[in-house]
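Following: one structure in structure tokens, then a few remarks.
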Amino acid sequence: MALALLGLSSTVPTLVAMFYSGALADRYDRGKLMRVVNLVGVVATAGLAALFVFQPGGRMNLPGPAGFYIPDWILLIYPLWAAVIVSSTIFRPAFNTSVPRVVQRELLGRANGAIYAVAGGVSAAGTVGVGILLTLAPAAYAFAVPFALFFVTQVALADVDVDLSVTRKGPVRSLLREARNGFAYLARHRALLQITVAALAINFLVALATVELALYVTSWLGLTQGIWYGAMVAAATVGASVGFVLIGNVRFEARAGRALIALTCALGASLFALALVHTIWLALPIIFLFGTIPGMFTTIFLSTIQSNVPDEVMGRVFSADEVGSYALVPAGQYAGGELTLAAGVQGTYLFAGATLLVFGVFMFVAFGSLRNLSYQGSASSADR
């Protein structure tokens, strides 16, 4: 119950923050916005560490077995954790819309690949560092890693001397109305709307399978030691970093839409392949390849949006796509548990992989605007 409440404490505020994050990025100076929300992350992380050190007393009784309760200090974690997640959610559109200000249009793919490859590598190193600290020291010390990353980000942002303010062409409206404009922009540009619909289905099916990854390792591969689950996660993380770098050096601009469709099929094939192997030594290279695909997909998507969407509405388009893309992830995670109960781990991976493959073929046949999407002109040119 404590973990379920922890998930809800971040999921609900994150969805709200996603809705408004783009409107904030298109309304305020993006450099200042990033500094403010990152500072929230610094303070909230410090607060989490303090809770683990002092652990104030008291507890709240909950319905369930006799003596079932949650300590008050655990309850205090939830708003601080929500603040950390919300700060990162608001940060993303402001950051992604700032990249075209400092990178030439023809270098966006390479730049995004490099940025997120470094981010993936640092994330993997941070995860290992947290694991080491949790093994060797009290839990509060593990917060030194995220605190250090937030702090270094704050220092780096303070040194940015590029003008990241937004030049608006229309009147300033309510934040709600401006947030809704991002969805209206997607609705008017069929290729971008089709990307969002595709991502909605892809994320649902990927969540359906990956939520059961720990069970896949222990039940299907028969490996109960935690190191093997860690190895699978690490292989996927490293794969994502490799994918960011690889696609950044490929000239995908003229066929961006077709590349996204092909990557969807490859993602389905890799999930399907995981269901067919019964040894960790085959599962590791497959999940490495599985990890490279989202890295390549994300780089193509970011670069195409940054190239095709006007600056004054770009943040809202990013946030509208994010809301649309991730809306079904919780449903996918729940469905993954139900499907695994009914069909087993192998059945879940076979279903997710085969469905993704079929969906990729459907995208190629039915999503004509996406199939023709490229850097050539604006996003709307793919609709004509």
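The values are calculated or read from the model by the stated rules, or taken from the named source; none is laboratory data. Bear in mind the structure is a predicted one, so any value in this text is a computation, not a measurement. Methodologically, a virtual Cβ is constructed for each residue, glycine included, from the backbone with ideal geometry; neighbour enumeration extends over all protein chains shown.
Residue 196 satisfies every condition listed in (1) farther than 30 Å from residue 365 by Cβ; (2) crowded, with 17+ Cβ neighbours inside 10 Å; (3) within 23 Å of the chain's Cα centre (by Cα) except (1).
Please find, among 313, 345, the residue that is under 30 Å from residue 163 (Cβ atoms), in contact (Cβ under 8 Å) with a residue 60 or more places away in the chain and buried (at least 20 other Cβ atoms within 10 Å of the Cβ). First the steps, then the outcome.
Working: 345 fails: under 30 Å from residue 163 (Cβ atoms).
Going through 313, 345 in turn, just one is under 30 Å from residue 163 (Cβ atoms), in contact (Cβ under 8 Å) with a residue 60 or more places away in the chain and buried (at least 20 other Cβ atoms within 10 Å of the Cβ): 313.
When residue 224 is tested against the conditions (1) in a helix (DSSP H, G or I); (2) β-branched (Val, Ile, Thr); (3) farther than 30 Å from residue 185 by Cα, the lone failure is (1).
Kindly evaluate residue 287 against the criterion of being part of a helix (DSSP H, G or I), under 22 Å from residue 253 (Cα atoms), touching a residue at least 24 places away in the same chain (Cβ under 8 Å) and among the hydrophobic types (A, V, I, L, M, F, W, C). Break it down stepwise before answering.
On the way: part of a helix (DSSP H, G or I): yes; under 22 Å from residue 253 (Cα atoms): no; touching a residue at least 24 places away in the same chain (Cβ under 8 Å): yes; among the hydrophobic types (A, V, I, L, M, F, W, C): yes.
Here the answer is no, as residue 287 does not meet what is asked.
Could you please let me know if residue 219 is at pLDDT 95 or above and among the polar types (S, T, N, Q)? Answer is no for this residue. Could you tell me whether any residue of the stretch 357-373 is buried (at least 23 other Cβ atoms within 10 Å of the Cβ), among the hydrophobic types (A, V, I, L, M, F, W, C) and assigned to a helix (DSSP H, G or I)? Within the stretch 357-373, one or more residues are buried (at least 23 other Cβ atoms within 10 Å of the Cβ), among the hydrophobic types (A, V, I, L, M, F, W, C) and assigned to a helix (DSSP H, G or I). Going by the structure shown, is residue 266 in a helix (DSSP H, G or I), over 19 Å from residue 120 (Cβ atoms) and touching a residue at least 24 places away in the same chain (Cβ under 8 Å)? Considered against the rule, which asks whether it is in a helix (DSSP H, G or I), over 19 Å from residue 120 (Cβ atoms) and touching a residue at least 24 places away in the same chain (Cβ under 8 Å), residue 266 comes out as no. Just one of (1) within 15 Å of residue 27 (Cβ to Cβ); (2) modelled with pLDDT under 90; (3) not aliphatic (A, V, I, L, M) fails for residue 321. It is (1).
None of 304, 279 is among the hydroxyl-bearing types (Ser, Thr, Tyr) and crowded, with 21+ Cβ neighbours inside 10 Å except 304.
Under the condition of being part of a helix (DSSP H, G or I) and loosely packed, with under 13 Cβ neighbours inside 10 Å, which residue from the stretch 160-183 is nearest to the chain's Cα centre (by Cα)? Can you show your working first?
First, pick out the residues of the stretch 160-183 that are part of a helix (DSSP H, G or I): 175-183.
Next, from what is left, pick out any that are loosely packed, with under 13 Cβ neighbours inside 10 Å: 176-177.
Numbers: 176: 24, 177: 25 Å.
The qualifying residue nearest to the chain's Cα centre (by Cα) is 176.
Looking only at residues of the stretch 356-383 that are in contact with a Leu (Cβ under 7 Å, 6 or more places away or on another chain) and at pLDDT below 90, we find that the one that is farthest from residue 300 (Cα to Cα) is 382.
For the stretch 316-342, which positions are of a type in the set (D, E, K, R) and either crowded, with 16+ Cβ neighbours inside 10 Å or within 30 Å of residue 168 (Cβ to Cβ) (or both)? Working first, answer last.
The first filter runs over the stretch 316-342 and keeps only residues of a type in the set (D, E, K, R), leaving 316, 321-322, 338.
Those that are of a type in the set (D, E, K, R) and either crowded, with 16+ Cβ neighbours inside 10 Å or within 30 Å of residue 168 (Cβ to Cβ) (or both): 316, 321, 322.
Being of a type in the set (Phe, Trp, Tyr) and at pLDDT 90 or above is a property that holds for residue 150. Of everything in the stretch 14-41 that is surrounded by 21 or more Cβ atoms within 10 Å (Cβ to Cβ), in contact with a Ser or Thr (Cβ under 6 Å, 6 or more places away or on another chain) and in contact (Cβ under 8 Å) with a residue 60 or more places away in the chain, the residue that is nearest to residue 152 (Cα to Cα) is 38.
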